[in-house]
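Report on the following structure.
The values are calculated or read from the model by the stated rules, or taken from the named source; none is laboratory data. On a predicted model such as this, the values are computed, not experimentally measured, just so you know. Here the Cβ positions follow ideal geometry from the backbone for every residue, glycine too, while neighbour counts run over all protein chains shown. For accessibility, only protein heavy atoms count, side chains too; no ligands or nucleic acids. Shrake-Rupley method; radii C 1.70, N 1.55, O 1.52, S 1.80 Å.
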Amino acid sequence: MTSFQLKIVTPDGLCFDGQAEELIVRTTTGDMGFMAGHTNCVAPLGMGRATVVVNGQKRYGACIGGMVTVLDGAVSLVATTFEWAEDIDLPRAERSYERAQKVLNDKSATDTDIRLAQARLRRALVRKGVGTMK
């Protein structure tokens, strides 16, 4: 299968820089896939699993926020947060999930507390789901 240049970066640094055969990410409007020869584009990222195929092997990551661009055949994924499945701390994700649930079940929680807890819950669910795909 033909490959393309893929770079995955976050504010914390470089996560991947090499050749890939396929990338599938969650955008704000749904999943989007990229292969060699993809047309130039820009798309905002949502929260979800990223699948990267390198040498026929799938590798998974939790990707939260940012953007993906294709320019002249090279794909750049600039994520707010990106963690490879094998790097996800599942007990930490579970604790974050439980803290969010506690706030959401608290009748005295403010609207701001609820919105923050909902975002934490979504992030924790993505991380827990991807973290089991090691």
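Out of the range 29-57, which residues are under 24 Å from R122 (Cβ atoms) and exposed (fewer than 12 other Cβ atoms within 10 Å of the Cβ)? Break it down into steps so the answer makes sense when it comes.
Step one: list which residues in the range 29-57 are under 24 Å from R122 (Cβ atoms), which gives 29-34, 42-52.
Within the range 29-57, T29, G30, G33, V42, P44 meet the criteria.
Summed over the range 87-122, the residues that are open to solvent by 90 Å² or more (accessible area, probe 1.4 Å) and of a type in the set (D, E, K, R) give a count of 10. If you go through the range 1-28 and keep only what is in contact with a Phe, Trp or Tyr (Cβ under 7 Å, 6 or more places away or on another chain) and at pLDDT below 95, you end up with nothing.
Taking the listed residues V130, V126, V103, the one that is touching a residue at least 40 places away in the same chain (Cβ under 8 Å), in a helix (DSSP H, G or I), in contact with a helix residue (DSSP H, G or I) (Cβ under 6 Å, 6 or more places away or on another chain) and of a type outside the set (K, R) is V130, with no other qualifying. Whenever a residue of the range 54-78 is polar (S, T, N, Q), its partners that are open to solvent by 60 Å² or more (accessible area, probe 1.4 Å), lying with C-beta atoms within less than 6 angstrom and at least six residues away or across chains, give the pairs T69/V42; S76/K7. Checking each residue of the range 21-28 against the condition of being assigned to a strand (DSSP E or B), in contact with a strand residue (DSSP E or B) (Cβ under 8 Å, 6 or more places away or on another chain), open to solvent by less than 70 Å² (accessible area, probe 1.4 Å) and acidic (D, E) gives at least one match.
Identify all residues within the range 60-78 that are in a strand (DSSP E or B), open to solvent by less than 40 Å² (accessible area, probe 1.4 Å) and in contact with a Gly (Cβ under 9 Å, 6 or more places away or on another chain); write none if there are none. Hits for the range 60-78 are A62, C63, I64, G65, L77. Checked against (1) of a type in the set (V, I, T); (2) under 10 Å from the mean Cα position of the chain (by Cα); (3) under 24 Å from T2 (Cβ atoms), T81 meets all criteria but (3). The set of residues in the range 90-100 being within 16 Å of the chain's Cα centre (by Cα) and without any contact (Cβ under 8 Å) to a residue 40 or more places away in the chain consists of A93 alone.
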